[in-house]
Amino acid sequence: MGRTLHYTMKRDKGNFTRKEIEAIYKVSSFYNSPELLKEINITYKTKLKELWTCENFWLGIGNYYPNWEHKNIKGVEVEIGWAIVNAKMKIAEKETGNFIDAVYKVQKDGYIIFHHDEKNEFHGFTKIQGNEFNSLLVFKALIEISKRVPTAIIEVYDEGEFLLCPLKLKKGKVLPMVKDLVDGIQNWSKNLLLSENFGGNILKDLKNTDFKSKIFKKEIGFESPYDNETSIKCIEDSLRNLKEIETVLLKVIGGEGELYFYNIENRHPSQWFEAELFVRPVDVEKFLNYEMSAGTMMDGFLGEGFNLTDKDSEAESYKKIAQMFSMLEKAGFDKKNVQILGE
C-alpha cells in the first residue's frame, strides 16, 4: 500500500568504479539539497520548506541497516542499533573526510549491513503517494544518473500512472519494457478468471468433485488480495497504457497498423528513445503546495504497518490516528498542540 516508484541500477559488467559511485552519490545528494529547493522556489515563486511529500529519493551508497545481532567487535560484545551506527558514521566521516569512505569503514567494522551487493548493483524506492511532482523528480534524478554512469542500466517501475510502463534507462535514453506490461495484463486476467466471485470463473466449469480449488490456486500462484472490480480496472488501465505506447511508437518509428511490441526490447541502446515519450505530463504547479491528508499520510508511508486496507483508507487512517492520540493523552501529551495537514 502506498504509491511507490521502484528502481534498480546494474552495471553492464564488472563493479562500479569509485568515480561512478561518487557520481551517483552527488546526484542523490543534489536531489535532497537546499540548492535544488532554492532553485525550485525561485523558478515557481514558492516558499516550499521540503521537496519531498512522503519519502525522499536516494540511490547508491548509503542504503544500509544496523547489524542488529549481538556482535563481538574488537573484543567487545555490542548490541548494535541506529544510535550506535549514526555515532560511528559521524566519527568515520571525520576520520575519512567523506561520506562514501565512512560507509565502507563502518561496514567493514561490522556495524552495518548493506541491503544489496553494492559492488555492481544498487536498489531503491520512493513512496510519493499522490504527489506527481515527486514522481517527476525521481525520474529526472534517474535520467541524470544514467547520463553520468553510462556503463549501467537503470530499471524503474511505477505503481501509479506517471510512467506508461516499466522503463529501462541508459545514457539518458529510455526503452519501454512492454513485456512487463503485457505479462501484468495476463496475470490480472488469470486472477479474474479464477476469482470465485467472478461470473466467468473457469474453476466453476471443472466437473471433478475431488478438485481442491484453493490448493490449485495456490500452486499456480493465485493468492491475489484484490477484488474483481480492482482486477478489471487494472486490466483496463494496462490496456490503455499499451495503446498509448503503440501510438507513441508508431509516431516515432513509423509504419501503419504494425505493433512493435514483440521486437522493441531488442533494440540497441543507441536506438532508445527520448525519456518524455513514455511518461504522462505533470502540471508541476498543481503539486508544489501539495499537502497530505490523514489518509494519504498513512497510506503513503505507514499504511502497511497499521494494516490499512483500500476499502476506506481515509476513515481507517483517522481511526488509527485517534488511537495514537489516545495513547499520547494517557502519557500526558496534549493533542491540541498537533495539527493534521488537510483538516
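Every number here is computed from the coordinates shown, using simple stated rules; none is lab data. The shown structure was predicted, so the numbers you read here are calculated from the model rather than taken from an experiment. Using ideal geometry, Cβ is built from the backbone for each residue, glycine included, and neighbour counts are taken over all protein chains shown.
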Once phi for every residue in the stretch 136-149 is put through the Karplus expression 6.51 cos²θ - 1.76 cosθ + 1.60 (θ = phi - 60°), the whole-Hz ³J(HN,Hα) values, with Gly and Pro written as x, are 5, 4, 4, 5, 4, 5, 5, 4, 5, 5, 5, 6, 7, 10
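Among 171/251; 26/170; 49/90; 10/171; 38/140, which pairs are too far apart, with a Cα-Cα distance over 20 Å?
Details: 171/251 22 Å; 26/170 18 Å; 49/90 26 Å; 10/171 13 Å; 38/140 17 Å.
Too far apart for the 20 Å limit: 171/251; 49/90.
Where a ≥ b ≥ c are the square roots of the eigenvalues of the C-alpha gyration tensor, would you call the stretch 1-54 rounded, which needs a/c under 1.5, or, failing that, prolate if a/b is larger than b/c, or oblate?
Details: a/c = 3.88, a/b = 1.69, b/c = 2.30.
Verdict is oblate for the stretch 1-54.
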Calculate the spin-label point distance for residue 319 paired with residue 285, positioning each point 7 Å from the Cα along the beta-carbon direction, and give it in nanometres. 4.1
For the stretch 49-60, take each phi angle, set θ = phi - 60°, evaluate the Karplus expression 6.51 cos²θ - 1.76 cosθ + 1.60, and give the result in whole Hz per residue in order, putting x for glycine and proline. 9, 9, 7, 9, 6, 10, 10, 8, 7, 7, 9, x
Report the extension gain between residue 68 and residue 109 in nm, rounded to one decimal, defined as 0.36 nm multiplied by the number of residues separating them, less their alpha carbon distance. 13.4 nm
The extension gain from residue 8 to residue 171, computed as 0.36 nm times the residue separation minus the Cα-Cα distance, is 57.2 nm
Name the residues of the stretch 177-198 whose amide N is less than 12 Å from a point 7 angstrom out from the Cα of residue 253 along the C-beta direction? 177-179
Which residues' amide hydrogens lie under 5 Å from the amide hydrogen of residue 80, considering only partners 5 or more residues apart or on another chain, with H built in the peptide plane? 71
Between residue 15 and residue 79, with labels modelled 7 Å along Cα→Cβ, what's the label distance in nm to one decimal, could you check? 3.5
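Can you tell me how much longer the chain between residue 46 and residue 270 gets when fully stretched, taken as 0.36 nm per residue apart minus their C-alpha distance, in nm with one decimal? Write down the numbers at each step before the final one.
Working: separation 224, 0.36 × 224 = 80.64 nm, distance 3.91 nm.
So the extension gain works out to 76.7 nm.
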